1. Within the range B:110-127, is even one residue out of contact with any helix residue (DSSP H, G or I) (no Cβ under 8 Å at 6 or more places or on another chain), open to solvent by less than 10 Å² (accessible area, probe 1.4 Å) and β-branched (Val, Ile, Thr)?
2. Among the listed residues B:Ala55, B:Ala40, which satisfies the condition of being aliphatic (A, V, I, L, M), within 30 Å of B:Val24 (Cβ to Cβ), in contact with an Asp or Glu (Cβ under 6 Å, 6 or more places away or on another chain) and away from chain A (no Cβ under 14 Å)?
3. Just need a number here: residues in the range A:292-303 that are more than 7 Å from chain B (Cβ to nearest Cβ) and surrounded by fewer than 20 Cβ atoms within 10 Å (Cβ to Cβ).
4. Is it the case that some residue within the range A:317-338 is crowded, with 24+ Cβ neighbours inside 10 Å and under 30 Å from B:Thr48 (Cβ atoms)?
5. Mind counting the residues in the range A:144-154 that are closer than 13 Å to A:Gly328 by Cβ and open to solvent by 10 Å² or more (accessible area, probe 1.4 Å)?
6. From the residues in the range A:269-291 that are within 14 Å of another protein chain (Cβ to nearest Cβ) and touching a residue at least 12 places away in the same chain (Cβ under 8 Å), which one is nearest to A:Gln338 (Cα to Cα)?
7. Based on this model, can you work out whether A:Glu344 counts as in a helix (DSSP H, G or I), within 14 Å of chain B (Cβ to nearest Cβ) and in contact (Cβ under 8 Å) with a residue 24 or more places away in the chain?
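The values are calculated or read from the model by the stated rules, or taken from the named source; none is laboratory data. Since the structure is predicted, the reported quantities are computational estimates derived from the model, not experimental observations. Cβ placement follows ideal geometry from the backbone for every residue including glycine, while neighbour counts extend to all protein chains displayed. Each accessible area value is taken on the protein alone, full model and side chains, heavy atoms only, with ligands, DNA and RNA left out. Shrake-Rupley method; radii C 1.70, N 1.55, O 1.52, S 1.80 Å.
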Amino acid sequence: MAAHNLKHALFCAIVTLVIAYPILGFNLVASGTDIILEGAKTRTVILVLLAAVAVFLFQLFRDNVMALLGKAPALNPLANRQPMEQGKRLKLESIVLTLIIVGALFWPFFVSRGAVDLATLVLIYIMLALGLNVVVGLAGLLDLGYVAFYAVGAYTFALLSQYYGFSFWLALPLGALLAALFGLVLGFPVLRLRGDYLAIVTLGFGEIIRILLNNMTSLTGGPNGIGGIPDPTLFGMEFGRRVKEEGNTSFHETLGIAYSSEHKVIFLYLIALVLAVITALVIRRLMRMPVGRAWEALREDEIAARSLGLSRTAVKLSAFTIGAFFAGFAGTVFASKQGFISPESFVFLESAIILAIVVLGGMGSQIGVILAAIAVTTLPELAREFSEYRMLIFGAAMVLMMVWRPQGLLPMRRTHIELKAQE
Amino acid sequence: MSMLVLEDVHTHYGKIEALHGVSVEVNKGEIVSLIGANGAGKTTLLMTVCGSPQASSGRVILEGRDITRDPTASIMRSGIAIVPEGRRVFSGLTVEENLHMGGFFNTKAEIRKSQDHVYDLFPRLKEREHQRAGTMSGGEQQMLAIGRALMSKPNMIILDEPSLGLAPLVIKQIFEIIGQLREEGITVFLVEQNAHQALNLADRGYVLETGRIRLHDTGKNLLANPDVQNAYLGG
C-alpha cells in the first residue's frame, strides 16, 4: 500500500512539474519587434517546485487526508438537524423566496451597470437550467443539444424583427412556441432511444441547428449573424435616447427624467427576472401535477410506468416540449439583451454548461439548480482577475463539487403528495 | 363468459418467432396458471396481451373487444393490470406514492378507497406507508407491486412470476392473497415457474413449451399428470 502510494505520488509530482514548468517557468518578453523567451523569476520556479512537493505529499498521505475530510461533514451542524415539519418548511420556503424576489426587484437600482448586466445573464441561465431540469432531472432524458432550442428562440425573435418588424413582446410567445414545436419534432424520432443513444442524437440535433444557421446565409446572415435586434419596450415607450419607431414615445421624456443608458439595462433585468420567476413557478406547479409524477415514474422505471397505462410517447414528448418552450423564452430574452446574435453563441459548450448547472445543482431540485446557475455564471466573472487561469479555477471547483457532493448542491427532496380526506 | 381470449397468436421479435400460434382462454372469476420452463415464452405471451410487442397474427380479445392492435397505454387502462416480473416498484418513491401512481387515472376519492382496500389486504404496507419502496424486503415489494396493480380497480390482474426470489413463507402468503383476489371477483392470470403452488391454486392451467401450448387441463389434473410431474415438479 505504502509503496504503491509512493510510486503514485512521485508520478503525480512529476506530472505537475511537466505541466506547470513550461507554462509558468518561461515568459515571453517583447523587445522591439521581436519576442524573446526568458526564464521566469526564481520565485516562480520555487513556487512551481513547492506545488510539486505539495502534490507529492498530498498523494502520499491521501488516504489519511481523505479520511479526515470524510469526517468533516459531521462537523457541519446542519447535517444532523431534524427535518422540519412539512407545512412549516413550505411556509418558511415561500417567505424566504418572496423576500429574495422582492430584494432582486430593488437590487439593480443600487449597483453598477456591469453587475446588472451579469445578473441578467444569470437569470437567462436560470431559465435555461430550469427548463433543462425538466428534461434531464425530472424525466431522466439526457439531452445534450438543449442549446438548439435556445437558438430557435433567439433566431425567431431576430428574424421576425428583421423581416417583419415584430416587437419583443410579440416575439416572446412566438419564440417560445416555435422552440416548443422543435422540441416536439425532435421528440418523435428519439422516443425509442435511451441513455447514451438519446444523448448522441440530441447532440447531433444541436449541431444541425447551429450549422443550418451558419449556412443559410441568405436568411440568417450566416456567421455574420443578425444585428439591430430591437430592445423591449414598456407600453410603447422606448429606452433609447431617440425614438426609433414611429408612434412610440421615449421612456425618459414621458417620465420627465434625464436620459440614462442604465434604464434599459435595468428594464431588461426586470423582464428577465419576471420571466425567470414565471418559469420557476410554472415548472414547480407542473412538478406537483400528474404530468410531473408521470415524468418521475418514467425516469424511475419505464416498464412499470407503462404497465400502469402511462403512454411513454405522451410523457416523453411533454417533457421535451416544455423544456424546449422555456429555452425559447430564454433565447428571446438573450437576443434582446445582446442586440446581436450569431451561431457562435449556440455552440455545444453552451449545452454542456447548462447541463453542468443542472447536475451541479442536484437533478430535479429547483432551488439547487438556481443556486448552481448563479455560481456557474458568476464564478468565471469573479475569477476574471486570474485572467487565463479562471477556467482552471472553474474546472477545479467542478471537480471538488463532484468529490464532495456528487448528488449536487441541494439534491431534490421529494415533496410528499398527500390526499386530503374527502368527507 | 370469457375475460381474455388469445386466438392462434403468433409473436415475433424481429425475425424470430417466439409464439407459434397460442390459444388461451381465461374465464371471468377464474384463476388460470400458465407454467413453463425458462424461455418457453411465458413472459412473451403476457407482453403480447399488453401489446408490447404486438401479435404478428391472431387475435387478443379482452371482454369481447379486440385489443390486438391497441397501443399498450390504452390496453393498460381498460380494466387490466399487470404485476411485472421482478416487481419493478418505484424505489425512490414511498409506499403511498407508489400506490397513488397505480391509481394515476382515477379520481382522488377512488384512489383513497382503493388505497384503504390495499392496506386491508396487506396490513404490512400500511405499516410502511411512508417508507421508500427501495428499502423494503423483496416480499414487501411484491406486496406493493400487487397493491399498486390493484389501485386501478382492475377486472383482471396478470401476475408475472410473483414468487420469484422470495422465501417459502412469503410465497405462501402471496398465494393466499391471490386466492383472496378471486373471492373478490377479480380474474387472475398467473404465470409461474413455481408450478406446484401455481397449479394447486388454479382453476385451470396451461403448459407452455417453446412457444406452443402443450397441455391444457384443470389445475388438479395437471398436478396429477405424470408428464407435468416429470418436467416441472421434480419427478
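1. Taking the range B:110-127 as the starting set, the residues that turn out to be out of contact with any helix residue (DSSP H, G or I) (no Cβ under 8 Å at 6 or more places or on another chain) are B:110, B:112-113, B:116, B:120, B:123, B:127.
So of that shortlist, the ones also open to solvent by less than 10 Å² (accessible area, probe 1.4 Å) come out as none.
There is no residue in the range B:110-127 that is out of contact with any helix residue (DSSP H, G or I) (no Cβ under 8 Å at 6 or more places or on another chain), open to solvent by less than 10 Å² (accessible area, probe 1.4 Å) and β-branched (Val, Ile, Thr).
2. Numbers: B:Ala55 fails: in contact with an Asp or Glu (Cβ under 6 Å, 6 or more places away or on another chain).
So the residue among B:Ala55, B:Ala40 that is aliphatic (A, V, I, L, M), within 30 Å of B:Val24 (Cβ to Cβ), in contact with an Asp or Glu (Cβ under 6 Å, 6 or more places away or on another chain) and away from chain A (no Cβ under 14 Å) is B:Ala40.
3. Of the residues in the range A:292-303, 1 are more than 7 Å from chain B (Cβ to nearest Cβ) and surrounded by fewer than 20 Cβ atoms within 10 Å (Cβ to Cβ).
4. Taking every residue of the range A:317-338 in turn, at least one turns out to be crowded, with 24+ Cβ neighbours inside 10 Å and under 30 Å from B:Thr48 (Cβ atoms).
5. To start, the set of residues in the range A:144-154 that are closer than 13 Å to A:Gly328 by Cβ comprises A:146-154.
Applying the additional criterion that residues be open to solvent by 10 Å² or more (accessible area, probe 1.4 Å) yields A:152.
Number satisfying all stated conditions: 1.
6. So in the range A:269-291, the residues within 14 Å of another protein chain (Cβ to nearest Cβ) come out as A:287-291.
Subsequent filtering for residues that are touching a residue at least 12 places away in the same chain (Cβ under 8 Å) retains A:287-288, A:291.
Working: A:Met287: 32, A:Arg288: 35, A:Val291: 35 Å.
The residue in question is A:Met287.
7. Values: in a helix (DSSP H, G or I): yes; within 14 Å of chain B (Cβ to nearest Cβ): no; in contact (Cβ under 8 Å) with a residue 24 or more places away in the chain: yes.
Here the answer is no, as A:Glu344 does not meet what is asked.
Results for (1) modelled with pLDDT under 90; (2) not β-branched (Val, Ile, Thr), shown as yes or no for each residue.
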residue: A:Thr156; (1), (2): no, no
residue: A:Ser161; (1), (2): no, yes
residue: A:Ser167; (1), (2): yes, yes
residue: A:Leu191; (1), (2): yes, yes
residue: A:Ile200; (1), (2): no, no
residue: A:Phe205; (1), (2): no, yes
residue: A:Ile208; (1), (2): no, no
